[in-house]
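Undergrad: For reference, the structure I am asking about is given below.
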Amino acid sequence: RELERRHIQVMVSLGKQVKDQQYKVYTLEADRKQGKPFRLVIDVSLQPAPGKAAESDQQVSGVTGHTIVLDPGHGGSDSGAVGPNGTQEKDVTLAIAQKVRDILTASGARVVMTRTDDHDVYGPDATDRQELQARVNIGAYTPDMQLFLSIHANSFSSPSAHGTETYYYPRSTRDAHLAQALQDSMIAVNGLADRGISEANFYVIKHSTVPSALVELAFISNYREEQLLASADFQNKMALAICQGLGNFFKNEGM
């Protein structure tokens with residue numbers, strides 16, 4: 001017997017007003033292996049709206065009116081790389097992404113983050129592919145997204161590895177231009193070795209539909225650079241540099 005079609009309305013009441021750019025509604029496919037059904041996901045981020053006061057009083061030019069998705073690497077059950085003194089990549093990437101968000105928002109950009117705290121984006125016990133696709137989905141369901149940026153800290157078996165580098169997927173010339181703009185801006189302020197830009201097949205930038213890049217701020221496996229990554233001063237410096245790089249990209253591309 002054919003089942004009767006039913007329509008369900010869900011009402012979510014919040015304690016304060018939420019603007020259009022502060023929430024996302026999207027679906028995730030069923031995963032029988034993990035025992036997870038097809039589901040509707042509602043993410044609410046009570047961050048400052050464009051044009052409103054943000055925590056940061058710093059501003060950059062070139063980003064006003066643009067929509068940017070920030071992806072702080074790792075999070076939740078995935079610590080990412082861990083430095084010699086125990087600094088976790090997931091904490092560094094979130095701290096810097098939040099600073100980037102605040103500067104961009106104060107500068108008139110619209111910012112959406114794949115995570116705003118220490119949690120798995122897809123959910124606990126997800127496969128790597130599910131977790132990464134969940135991040136891509138947030139970008140895909142962000143109206144008018146113009147750019148996707150994933151923030152990471154590098155790691156290598158030898159503690160002597162050092163420096164800053166930026167990756168892009170060769171979808172278009174704009175991807176390479178974005179990577180170069182970010183790399184140039186970071187190197188101009190951080191005093192670290194310039195490892196340049198490189199093509200890569202990293203999932204989140206490969207499956208993004210807009211210009212995208214993945215920055216490796218410094219090597220968390222390097223004793224000196226781990227200390228820098230954990231430093232509020234270095235985090236502030238890198239966040240501002242990233243924002244300036246984004247502004248330069250938009251201006252140079254005529255966007």
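Undergrad: Which of the residues that make up region 159-183 are surrounded by fewer than 17 Cβ atoms within 10 Å (Cβ to Cβ) and touching a residue at least 60 places away in the same chain (Cβ under 8 Å)?
TA: PRO159, SER160, ALA161
Undergrad: Assess whether SER185 counts as being polar (S, T, N, Q) and within 15 Å of LEU70 (Cα to Cα).
TA: no
Undergrad: Which residue pairs have Cβ atoms closer than 9 Å, lie 6 or more positions apart in sequence or on different chains, and pair a first residue in region 121-134 that is closer than 15 Å to LEU70 by Cα with a second residue that is in a helix (DSSP H, G or I) and among the β-branched types (Val, Ile, Thr)?
TA: Going by the 9 Å Cβ cut-off, the qualifying pairs are VAL121/ILE138; LEU132/VAL204; GLN133/VAL204.
Undergrad: Follow-up question, since we're still on this one. Residues to consider are SER221, SER212; find the one that is under 16 Å from the mean Cα position of the chain (by Cα), crowded, with 22+ Cβ neighbours inside 10 Å and in contact (Cβ under 8 Å) with a residue 24 or more places away in the chain.
TA: It is SER212.
Undergrad: Okay, moving on. State which residue is nearest to ILE242 (Cα to Cα) when the search covers only region 90-110 and only residues that are touching a strand residue (DSSP E or B) at 6+ places or on another chain (Cβ under 6 Å) and open to solvent by 10 Å² or more (accessible area, probe 1.4 Å).
TA: The residue in question is ARG101.
The values are calculated or read from the model by the stated rules, or taken from the named source; none is laboratory data. Remember, it's a predicted structure, so these values are computed and weren't measured experimentally. Every residue, glycine as well, gets a Cβ built from its backbone with ideal geometry; the counts of neighbours run over all protein chains shown. Accessible surface is based on the protein model in full, side chains and every heavy atom, while ligands, DNA and RNA are left aside. Shrake-Rupley method; radii C 1.70, N 1.55, O 1.52, S 1.80 Å.
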